[in-house]
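The values are calculated or read from the model by the stated rules, or taken from the named source; none is laboratory data. Bear in mind that the values here come from a model prediction, so they are computed numbers and not experimental data. Please note: Cβ atoms are built from the backbone with ideal geometry, for glycine as well, and neighbour counts cover all protein chains shown.
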Amino acid sequence: MPYEPAPHTLDAEAVRTWSSLAVAALGRAREDIDAINVYPVADADTGTNLWLTAEAADRALAEVFPKPAPGMTHATPATSLAQAVRALAHGALIGARGNSGTILAQLLRGVADVLGEEPGEREPGRMLAQALTRAAQEAYQAVAHPVEGTMLTVAAAAARAGEAAAGGAAEVARAAYDAARAALAETPGQLAALGRAGVVDAGGCGLVAVLAALWQALSGEEPAGEPVPAHGRVAPVPQSPDPCEQAEDGPAYEVVYLLEASDEAVGELRERLDGLGDSLVVVGGEGLWNVHVHVDDPGAAVEAGVVAGRPYRIRITHFGDERRRARGERVQRAVVAVVPGEGLAGLCGEAGATTVLAPPGEVPAVSELVDAIRRAHAREVVLLPGGAELRATAAAAAEQARADGVRVAVIPTRSAVQGLAALAVHDPEGSFDEDVVAMTAAAGATRYGELAVAERQSFTSAGICQAGDVLGLIDGDVAVIGSGLTETAEAVLERMLGSGGELVTLVLGPEVPDALAERLEAYVQHGHLAVDTVTYRGGRYSAPLLIGVE
């Protein structure tokens, strides 16, 4: 629950109140903002992304500045303004969602760059004005190709008004909020996509809510009236034909990841990603960055991150029919799949699933799965965890999503190939119960195998292995210990097909040559004439070989 606002000086308590009020305001406005989201991609999730980003920032702040127990007015230990704003900015950076959430994270970083310094003799009003200016500057610098009529424009207007305002921090915040509202109202005349749709900018709408919360935290007064007229809808602005206007159809994927890298490497990364797609936003600093880009080749975008440093928490979203959803339709049913490789993410995305990339050994957070369920924009969701170690995480995410009114079923897939089998029989037009039963049956009827390379000597269910040995796992247990990929794969296939099968699915890792797939296909055809074989590329992070037998 948000705190009851009271006038504050510019201190840690004010930051905590601001954060709490911002989360509450974005939560209330989330669906309205989603409904007017038309730029840069009409995927109806800007409000949700801003809300999730603000929630992540608020959680990080609560770790360094715990909220007081009921009846108490202060929390311990004492927290400085600098600690509070830095925690807020770091939490937003780690938890940023989508284009708008990434820009919000950079705005908060700009605020922290100023308020995170020792105040010295600086007057609070001037400090806040300088912080708003730095925030706008850094946000513009983070976006590869800034466009006016967006939340960047709103941020710049707020900064100019804050610099010109007289008085203390509350007066500066009020001036920034008023200017942001006015700038937001002008956005349909600045950006053709907004003018045609007759809406204000969705990201700017969220920023106005955040600035309203800032003023409320500092003044103790509640903003009068709605920050956005008619829930963001205005009269369409007449537009002259513009042959250079960007087509509605853009890149097919959104790629987001956190990246540990040097400033120099990130500069080269920006250039590389800028040539791959659009909507490029790279925010952060001091070795930790949040990268957001829209591309047609998600593998190349992730590969660019690997060259620059260490990418993790990678999320690849196929826009699919997001634009149709944005026109007001909330789909009846969707599938969310956790996959170990980017190639599998693309494959499942093409099949209509919303994916979460979880490289081997990494377990996604519950919040990541909840975010994916929300991004699916569906009344019903089938969740494919893809690993036994993810069952508890998937169950917790499903429980949270059910609290939001989404009907969720978790199918206990223990491998990506079982997820592929379930997706193959998915029927979004049938009843939910029948679809879940069919997908569960398909996954359960698929035996799964995997090839891995032993990292050290150890005892296994098949005997003692040495470092470098190739391990053939069947249904999660080591069944074969070999010296080469081909021989071990053939031995695993023979055991798996011993109890029959109609279809073999092979998913090749990034370093495995096509010749191995050809050899295994021939092996299956020679010994099992009635069995078909399909082969996919798992992409980076996937195991050397995954095998499914249905």
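Going by what's in this entry, would E450 be described as outside any strand (DSSP E or B) and under 20 Å from S542 (Cβ atoms)? For E450, the condition - outside any strand (DSSP E or B) and under 20 Å from S542 (Cβ atoms) - is not met. Hey, could you check region 416-438 for residues that are among the small types (G, A, S) and farther than 14 Å from A351 by Cβ and say which is modelled with the lowest pLDDT? Once the filter is applied, the top-ranked residue is G430. Looking only at residues in region 262-280 that are at pLDDT below 90 and surrounded by 19 or more Cβ atoms within 10 Å (Cβ to Cβ), the one that is farthest from Q141 (Cα to Cα) is G277. Picking from residues in region 357-390 that are over 27 Å from V41 (Cβ atoms) and hydrophobic (A, V, I, L, M, F, W, C), the one that is surrounded by the most Cβ atoms within 10 Å (Cβ to Cβ) is L390. Of the residues that make up region 399-421, is at least one touching a Ser or Thr at 6+ places or on another chain (Cβ under 8 Å), within 17 Å of A376 (Cβ to Cβ) and touching a residue at least 60 places away in the same chain (Cβ under 8 Å)? Yes, there is a match, as at least one residue in region 399-421 is touching a Ser or Thr at 6+ places or on another chain (Cβ under 8 Å), within 17 Å of A376 (Cβ to Cβ) and touching a residue at least 60 places away in the same chain (Cβ under 8 Å). Taken over region 246-261, the criterion of being modelled with pLDDT of 90 or more and surrounded by fewer than 20 Cβ atoms within 10 Å (Cβ to Cβ) is satisfied by E260 alone.
For region 426-437, the criterion of being surrounded by fewer than 15 Cβ atoms within 10 Å (Cβ to Cβ) and touching a residue at least 12 places away in the same chain (Cβ under 8 Å) is met by none of the residues. So is L108 touching a residue at least 24 places away in the same chain (Cβ under 8 Å), crowded, with 24+ Cβ neighbours inside 10 Å and not in a loop (DSSP other than H, G, I, E, B) or not? Judged against the criteria, L108 is a match. Residues in region 490-527 that are within 35 Å of the chain's Cα centre (by Cα) and under 13 Å from G548 (Cα atoms): L503, V504, T505, L506, V507, L508. A search for C-beta distances below 8 Å between a residue of region 464-475 that is assigned to a loop (DSSP other than H, G, I, E, B) and any residue that is of a type in the set (D, E), counting only pairs 6+ apart in sequence or on different chains, returns A467/E455. Checking the structure you have, find out if any residue of region 393-415 is acidic (D, E), at pLDDT 90 or above, surrounded by fewer than 22 Cβ atoms within 10 Å (Cβ to Cβ) and under 27 Å from the mean Cα position of the chain (by Cα). Checked region 393-415: at least one residue is acidic (D, E), at pLDDT 90 or above, surrounded by fewer than 22 Cβ atoms within 10 Å (Cβ to Cβ) and under 27 Å from the mean Cα position of the chain (by Cα).
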